[in-house]
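One structure is given below, encoded as structure tokens.
The values are calculated or read from the model by the stated rules, or taken from the named source; none is laboratory data. In this text, all values refer to a predicted model and were calculated from it rather than measured experimentally. A quick note on method: Cβ atoms are made from the backbone with ideal geometry, for glycine too, and the neighbour counts reach across all protein chains shown.
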Amino acid sequence: MNNIHAGFCVFCGVSIDWNINSPFCKICFKVLITKTSRFNRCELAFCHGCGCYSKSITVEYPLCKMRCRPFDRDSALNDDIYIQRLNRYKQLKGIHSIWDCFPRGDSIVINEYCISDLLSVIEDDGLNTNDVFDNSISSNKRIMNTLWMWEFGLPISLPILNKDDNYLIDGRHRILAASHLYERKIPIYCQTKRIMRSIL
Ligand SMILES: [Zn+2]
Ligand SMILES: [Zn+2]
């Protein structure tokens, strides 16, 4: 299984390219722009992510709650949706991590790192890296949100490592998510004072 790139029109449910900002097929989009006054009253029906029929679909959130809407990453709510999706993500296989390798300038360079080296840095911060989902609920939700992005073929920004102190400034849960998919190496932003000084 490859990462999913397709989405669904929220009005008629046909398969279209993923576009969270305009989750409509060409035909429905034409109807929308020619009948603007109807726009707000239109009833949306289909999830842009999985195509299921759901009454919770809105223009702001064209994704179903059960499967496709990202979690509030700070919420520790342990409800049915969390448990059901946790079980699904624990089994998730066959997709790959996708990174937004956007150059950040001379002070932060992109290097490939072995996941195993990064995991040892994360362990020092007290996160369980053997079973990535054996952490707090909000931690698990952050991992699932990253997997969710990749599942839909969406890139995510790189973790940031301070190389001088071997300290992860950002991206622990992204690394745990990549580890869950058995990635061996990932690109990360490396920041060093040495590099920063050299450009002053
Ligand atoms: Zn449509
Ligand atoms: Zn859905």
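Structure notes:
- Against the list (1) in contact with a Gly (Cβ under 8 Å, 6 or more places away or on another chain); (2) over 30 Å from residue 77 (Cα atoms), the condition residue 162 fails is (1).
- Any hit, segment 40-48, residues being closer than 22 Å to residue 144 by Cα, modelled with pLDDT of 85 or more and either aliphatic (A, V, I, L, M) or away from ligand 2 (no atom under 13 Å from the Cβ) (or both): no
- Helices (runs of 4 or more DSSP H) lying entirely in segment 89-196 (those with 1 or more residues that are exposed (fewer than 12 other Cβ atoms within 10 Å of the Cβ)): 115-124
- Restricting 68, 114, 52 to those that are closer than 18 Å to residue 7 by Cα and more than 19 Å from the chain's Cα centre (by Cα) reduces the list to 52.
- Filtering 16, 27 for residues that are among the aliphatic types (A, V, I, L, M), within 9 Å of ligand 1 (Cβ to nearest atom), in a helix (DSSP H, G or I) and modelled with pLDDT of 90 or more leaves a single hit, 27.
- Count of residues meeting criterion [touching a residue at least 40 places away in the same chain (Cβ under 8 Å) and not aromatic (Phe, Trp, Tyr)] in segment 64-91: 12
- Qualifying residue in segment 92-99 (condition: out of contact with any helix residue (DSSP H, G or I) (no Cβ under 8 Å at 6 or more places or on another chain), small (Gly, Ala, Ser) and within 16 Å of ligand 1 (Cβ to nearest atom)): no
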